[in-house]
1. It is to be established whether one or more residues within segment 191-199 are more than 17 Å from residue 43 (Cα to Cα), open to solvent by 40 Å² or more (accessible area, probe 1.4 Å) and not in a helix (DSSP H, G or I).
2. Out of all the residues in segment 131-153, is one or more open to solvent by 30 Å² or more (accessible area, probe 1.4 Å), touching a Phe, Trp or Tyr at 6+ places or on another chain (Cβ under 7 Å) and not in a loop (DSSP other than H, G, I, E, B)?
3. Under 8 Å by Cβ, and 6 or more places apart or on different chains, what pairs join a residue from segment 170-197 that is more than 17 Å from residue 63 (Cβ to Cβ) with one that is charged (D, E, K, R) and open to solvent by less than 70 Å² (accessible area, probe 1.4 Å)?
4. I'm checking my understanding of the structure. Among residues of segment 154-168 that are within 18 Å of residue 54 (Cβ to Cβ) and touching a Lys or Arg at 6+ places or on another chain (Cβ under 9 Å), which one is most open to solvent (accessible area, probe 1.4 Å)?
5. Can you tell me which residue within segment 62-112, out of those that are in contact with a helix residue (DSSP H, G or I) (Cβ under 6 Å, 6 or more places away or on another chain) and assigned to a helix (DSSP H, G or I), is surrounded by the most Cβ atoms within 10 Å (Cβ to Cβ)?
Amino acid sequence: IDQEIKEFLFSEGVRSKLFIIFLYYLFTVVSRALDIGLIVDVSSNVAGKKLLRIRNFLKQIVASFTVSTSFTRFGMVEFGNYPRKLFDFSRFPNKATLINVLGRVPYIGGKAMVGKALKYSAVSLFSRSPRQKVAIVVTGKSGDPVAGLARVLRRAKVKVITVGVGDYSVQQLQQMATNKRNVFTTKFKTLNNIVRAIKQKASKGTLIASLLSH
């Protein structure tokens, strides 16, 4: 009987099934830990109901990931005339708590100084992260230059995804993003329509990186 079991287990059909199970495990379970920094415009660009839509969008982004100390962590910088860090990557490892916090993101007002926010984020948010890093920049048109400061993030191996909403500049979005495929534009009412695509962009390459690191 033992010999029959061995022959069954190592038959071509079963080997194929085991290989499929292995691939499924590889693509759904194995992943490298991610640190995602949300760099969000809360200037006069998002006054009133627009801020509510931004908050809901951020919550949907977080809800699409597995949030934990072992998988994906989130940090956040918001900005108007000046940037400020709301929380770092180690602050909220629980998804429910994080979503609750994002539902109360405060309004700053003023101009959207995205360049300042990028520089601030590179130092105050990403500099101590040993993980694979992604920045999701959600903004309208910037009141200061962004190209040079975005390069600082990219040189620090931060993948930059940009989301232009409302009155935005496509040129600025492209100057910030890692590449043109990482640029998204939308209206406030349709922000949630791009959540899945952003999740895919943020996660792309993590499996390969995980395999190479072992």
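1. no
2. Within segment 131-153 (the criterion being open to solvent by 30 Å² or more (accessible area, probe 1.4 Å), touching a Phe, Trp or Tyr at 6+ places or on another chain (Cβ under 7 Å) and not in a loop (DSSP other than H, G, I, E, B)), the answer is no, since none of the residues qualifies.
3. 178/159; 181/201; 182/159; 182/201
4. 167
5. Here the residue is 102.
The values are calculated or read from the model by the stated rules, or taken from the named source; none is laboratory data. Since the structure is predicted, the reported quantities are computational estimates derived from the model, not experimental observations. Cβ: placed from backbone, ideal geometry, glycine included. Neighbour counts: every protein chain shown. The protein model used for the area step is the full one, side chains on, heavy atoms only, and it has no ligands, DNA or RNA in it. Shrake-Rupley method; radii C 1.70, N 1.55, O 1.52, S 1.80 Å.
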